[in-house]
Amino acid sequence: MTTRNLDTGTSARNRELPSKPNLDQLKHQAKDLRKAHRSKNPDACGTLRRISRLSGLTDSEIFASEITLQEAQHALAKDYGFNSWAELKLYAESQARKTSQDDASSGEPQLPGTGAEELVESILLEAVKTNASDIHFEWQEGHLLARLRVDGALRNSEAQIPETLQESVLDLIKSFAKLDLNIRNQPQHGMARLKINGNPILLRISLIPYVTGESIVIRIWNDSSFKLDFNQIGFSQEQETVVRKWMSKPNGIIVFTGPVGSGKSTSLYSVISELDSRKLKIVTAEDPVWRLLKGVQQQQIDPSNGLTYPKAIRAQMNQDPDVMVVGECIDKEVLDLLINVALTGHLVFTQMHSGNGAHALRQMLHMGGDPYTLGKCIAAILSQRLVRKICNDCKEEYELKDWENASLGINAKTVLFKGKGCDKCHGSGYRGRTAVYELLELNDELRSAIVNNASIAELTEIAVKSGMVTMKQDGMAKAVQGITTIDEVIRVCG
């Protein structure tokens, strides 16, 4: 059995690792390093400067700083030429297993199960700490690589997966979602609930066999970091006023639209959580139910057992609801039922995958929705995208470029900001995301245009003339406010 040295060459070595590293000894070395810091031993400072926040400090400034055991371990790993303590730990464990297997009389290799569990746990922990939305396990040049999607962009995980653990890591993740380990040539998907640092997380696991090997993508829903705060999801004061007006309607359909990963579910949940469930009967039909909402009766769609969206909607009409939330308007049957629910005096919230409000209207017409009843029942459409926010730790002013003045019509005296790049944002200049919105409210002119089979361009033109602020305009306003950058708005909104 071969093992792979996890050193990537990104950190110069100050000390040489023993050929048979002992994990307990390494842990003691990290504790000794922390003790040396506490006793103000200057020999410790060279290693401690491996910690990014201490890299430019003097010895006395380092001694004045608190050092955690985890930081001491990280600094020690850097001194040995590894990217992180997790990598050093995995390497020591893999070497210990190799020695044990070589000494075994049978010569049969043992499955590195424990190492795989610790590695996957470290990657999940890193994903939770960085607020990653997804983890991608994929093969590149014969090696299994873990990448995290943070603030919409992919970057490599700090942990590398040694050759001895690659198949075990994939099998372990499959076991989380109860996938069939013997199936190697068909896509599979499943769900899993785990606890990381005592906090429950929900994982949606998708597996696809590619030519290079099996790829697993994990979508993460972290209950501890998910905060439903209507005031913190990116609405301007004017937008909040409009949305609250929509929420107070006695009936009609309000559609949340955008591509996958645009944050529309978070916005929908935040809006629903603002409704007074003490006075209203709120029911949902979702696939899946991502979050439990206080005072809301939520139903999980399960087509495998015959519980489809249409069946759930029909059944819930017998529950005397005031508000109905349907996870997705997926076809004409669901659309017709939502229209019927709205016509009988109920407020309906649903989602669609569309570019914007005008696209959503045309999509519903393409499904076969009746233009007159659509115009009568659709109250409003909220479209959105997510843009990265400027990192507050490296935020700085910059001068407008000529093309920004000329093509975007921004006043040359306007102060704009960008992120310089720092350790906290991994050099990207961005940290966290917020939404940019487009609120389309139907009026008589738009309803007439729907009946007359108006195009997307015509519907958009009417909406803008009626006062609708486009997503790009909302994004530019947030750039001027110093929340995001013009480059980011153009990247997302075009």
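The values are calculated or read from the model by the stated rules, or taken from the named source; none is laboratory data. Keep in mind that this is a model prediction, so the values were computed, not measured. Please note: Cβ atoms are built from the backbone with ideal geometry, for glycine as well, and neighbour counts cover all protein chains shown. Calculation scope for accessible area: heavy atoms of the full protein, side chains included, ligands and nucleic acids excluded. Shrake-Rupley method; radii C 1.70, N 1.55, O 1.52, S 1.80 Å.
When the pairs 31/174; 31/418; 35/418; 20/174; 89/174 are compared against a 29 Å limit on Cα-Cα distance, 31/174; 31/418; 35/418; 20/174 fall above it. Once both labels are positioned 7 Å from their Cα atoms along Cα-to-Cβ, the gap between residue 487 and residue 420 label points is 1.6 nm.
Protein heavy-atom accessible surface, 1.4 Å probe, per residue over the chain: 49 Å². Rounded to the nearest whole Hz, the Karplus-based 3J(HN,Hα) values (6.51 cos²θ - 1.76 cosθ + 1.60, θ = phi - 60°) of the range 467-482 follow the sequence x, 5, 8, 6, 4, 5, 5, 5, x, 4, 4, 5, 5, 5, 6, x, with x at glycine and proline. Of the Cα atoms belonging to the range 213-356, the radius of gyration and Dmax stand at 15.5, 53 Å. Scalar couplings 3J(HN,Hα) for the range 33-49, obtained by applying the Karplus form with A = 6.51, B = -1.76, C = 1.60 to θ = phi - 60°, are 4, 5, 5, 5, 5, 5, 8, 6, 7, x, 5, 7, 5, x, 6, 5, 5 Hz; x denotes Gly and Pro.
Compute the Cα gyration tensor for the range 259-335, then decide on rounded, prolate or oblate, letting a ≥ b ≥ c be the square roots of its eigenvalues: rounded whenever a/c is under 1.5, prolate when a/b is larger than b/c in the other cases, and oblate in all that remain. Mind dumping the intermediate values first?
On the way: a/c = 1.75, a/b = 1.12, b/c = 1.56.
Here the range 259-335 falls in the oblate category.
Annotation: aspartates and glutamates with alpha-carbon distance below 12 angstrom to residue 332 (same-chain offsets under eight excluded): 370. Put simply, the amide H of residue 134, placed in the peptide plane, has neighbours under 5 Å in 149, 220, leaving out anything fewer than 5 places away on its chain. This model, with +1 at the C-beta of Lys and Arg and -1 at the C-beta of Asp and Glu, gives the range 433-494 a dipole about its Cα centre of some 220 debye.
Match the structure shown to one of the listed values [x] 243; [y] 159; [z] 193 of volume of the Cα convex hull per residue in Å³, computed from it, and give that label. Among [x] 243; [y] 159; [z] 193, the one derived from this structure is [z]. Taking amide hydrogens as placed 1.01 Å from N in the peptide plane, the amide H of residue 285 sits under 5 Å from those of 299, 325, 326, 327, each at least 5 positions away in sequence or on another chain.
Among the cysteines of the chain, those with no neighbouring cysteine Cβ under 4.7 Å are 45, 329, 377, 493. Estimated from helical segments only, the mean residue ellipticity of the chain at 222 nm is -11000 deg cm²/dmol, where each DSSP H run of four or more residues counts as -39500 (n - 2.57). The packing ranking, built from the mean of other Cβ atoms within 10 Å per residue, places the peptides 297-307, 210-220 in the order 210-220, 297-307, highest first.
Taking the square root of 5 times each eigenvalue of the Cα gyration tensor, what semi-axes in Å does the equivalent ellipsoid of the range 289-421 have, largest first? Please list the in-between numbers first.
Values: eigenvalues 356, 85, 34 Å².
Square roots of five times the eigenvalues give 42, 21, 13 Å.
For the chain, what % of the accessible area comes from carbon and sulfur atoms, probe 1.4 Å? Don't skip to the answer; put the middle values down first.
Working: 11600 of 24380 Å².
Carbon and sulfur together cover 48 percent of it.
Between the range 285-354 and the range 66-81, the alpha-carbon centres lie 52 Å apart.
Computed 3J(HN,Hα) for the range 132-138, one whole-Hz value per residue from the Karplus formula 6.51 cos²θ - 1.76 cosθ + 1.60 where θ = phi - 60°, is 5, 8, 8, 10, 10, 9, 8, glycine and proline marked x. The residue among 425, 369, 157 whose Cα reaches farthest toward the positive pole of the charge dipole of the chain, with charges on the beta-carbon of Lys, Arg, Asp and Glu, is 425.
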